[in-house]
Amino acid sequence: MKVAIVILAGLDNHDAMARVVNALEAANECKQAGDTVKMLFDGAGTETLAKISEPKHQLYPLFEAVEDTVHGACSFCSRAFGVWTTVKERAIPLLDEYHEHPSLRKLLYEQYQVLTF
């Protein structure tokens, strides 16, 4: 199976953090099952990526388990949320396939099941 997990949630409250945790858990479950997994961070998710990819963050161990599935972060949103430099420094690809955003259509064309959190 091919699964694309799009994380749009920030970490502002328990509800948002729960979405991020569920996204990371879904990525881990799919990865362990042998699926092809691509995680994308868009919108407020770009800020989330900058935070959870920091080794001191409480979600870092879960992020680290699926870090190899990170396909990239939205280039436009990374700038809009002030994390472009951090994302770039961490060697995470900046996605700008469609008007400086990742192309979800391309994922559908490649027959990925797209999950959004």
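Each value in this text was obtained by applying a stated rule to the coordinates, not by laboratory testing. Keep in mind that what you see is a predicted model, and the values were worked out from it rather than measured. Methodologically, a virtual Cβ is constructed for each residue, glycine included, from the backbone with ideal geometry; neighbour enumeration extends over all protein chains shown.
Which one of the conditions (1) of a type in the set (Gly, Ala, Ser); (2) in a helix (DSSP H, G or I); (3) closer than 15 Å to Phe63 by Cβ does Ala9 fail to meet, given that it meets all the rest?
(2)
Taking region 1-19, which residues are more than 19 Å from Leu104 (Cβ to Cβ) and in contact with a Leu (Cβ under 7 Å, 6 or more places away or on another chain)? So that I can check it myself, show each step before the final result.
First, the residues of region 1-19 that are more than 19 Å from Leu104 (Cβ to Cβ): 10-18.
Correct list: Met17 only.
Using the structure shown, decide if Glu67 is part of a helix (DSSP H, G or I), over 19 Å from Gly10 (Cβ atoms) and of a type outside the set (Gly, Ala, Ser). Please lay out each step first, then the result.
Details: part of a helix (DSSP H, G or I): yes; over 19 Å from Gly10 (Cβ atoms): yes; of a type outside the set (Gly, Ala, Ser): yes.
Yes: the conditions hold for Glu67.
Filter region 66-103 down to residues that are aliphatic (A, V, I, L, M), over 13 Å from the mean Cα position of the chain (by Cα) and surrounded by 15 or more Cβ atoms within 10 Å (Cβ to Cβ) and give me whichever is farthest from Ala23 (Cα to Cα). If you could, list the steps in order and put the result at the bottom.
In the first step, residues of region 66-103 are kept if they are aliphatic (A, V, I, L, M); the result is 66, 70, 73, 80, 83, 87, 91-92, 94-95.
Retained after the next criterion (residues that are over 13 Å from the mean Cα position of the chain (by Cα)): 80, 83, 91.
After this cut, where a residue has to be surrounded by 15 or more Cβ atoms within 10 Å (Cβ to Cβ) as well, the list is 80, 83.
Working: Ala80: 22, Val83: 20 Å.
So, considering only residues that are aliphatic (A, V, I, L, M), over 13 Å from the mean Cα position of the chain (by Cα) and surrounded by 15 or more Cβ atoms within 10 Å (Cβ to Cβ), the one farthest from Ala23 (Cα to Cα) is Ala80.
Which members of region 88-117 meet the condition of being in a helix (DSSP H, G or I) and more than 24 Å from Lys2 (Cβ to Cβ)?
Filtering region 88-117 for residues in a helix (DSSP H, G or I) gives 88-89, 104-109.
Those that are in a helix (DSSP H, G or I) and more than 24 Å from Lys2 (Cβ to Cβ): Lys88, Glu89.
Taking Leu59 and the conditions (1) within 15 Å of Val6 (Cα to Cα); (2) touching a helix residue (DSSP H, G or I) at 6+ places or on another chain (Cβ under 6 Å), which numbered condition does it fall short on, given that it satisfies the others?
(1)
How about region 26-49: which of its residues are surrounded by 15 or more Cβ atoms within 10 Å (Cβ to Cβ) and in a helix (DSSP H, G or I)?
If the condition is that a residue be surrounded by 15 or more Cβ atoms within 10 Å (Cβ to Cβ) and in a helix (DSSP H, G or I), then Ala26, Ala27, Asn28, Cys30, Lys31, Gly45, Thr46, Glu47, Thr48, Leu49 are the ones that fit.
Out of Leu40, Leu95, Leu62, report the one residue that is of a type in the set (A, V, I, L, M) and in contact with a Ser or Thr (Cβ under 9 Å, 6 or more places away or on another chain).
Details: Leu40 fails: in contact with a Ser or Thr (Cβ under 9 Å, 6 or more places away or on another chain); Leu62 fails: in contact with a Ser or Thr (Cβ under 9 Å, 6 or more places away or on another chain).
Only one candidate passes the filter, namely Leu95.
Please state which of the following conditions Ala73 fails to meet, knowing it meets all the rest: (1) outside any loop (DSSP other than H, G, I, E, B); (2) more than 20 Å from Val114 (Cα to Cα); (3) not β-branched (Val, Ile, Thr).
All conditions pass for Ala73, except number (2).
(1) more than 11 Å from the chain's Cα centre (by Cα); (2) surrounded by 15 or more Cβ atoms within 10 Å (Cβ to Cβ); (3) under 20 Å from Arg105 (Cα atoms); (4) of a type in the set (Ser, Thr, Tyr): which one isn't true of Tyr60, the others all being true?
Result: Tyr60 fails condition (3) only.
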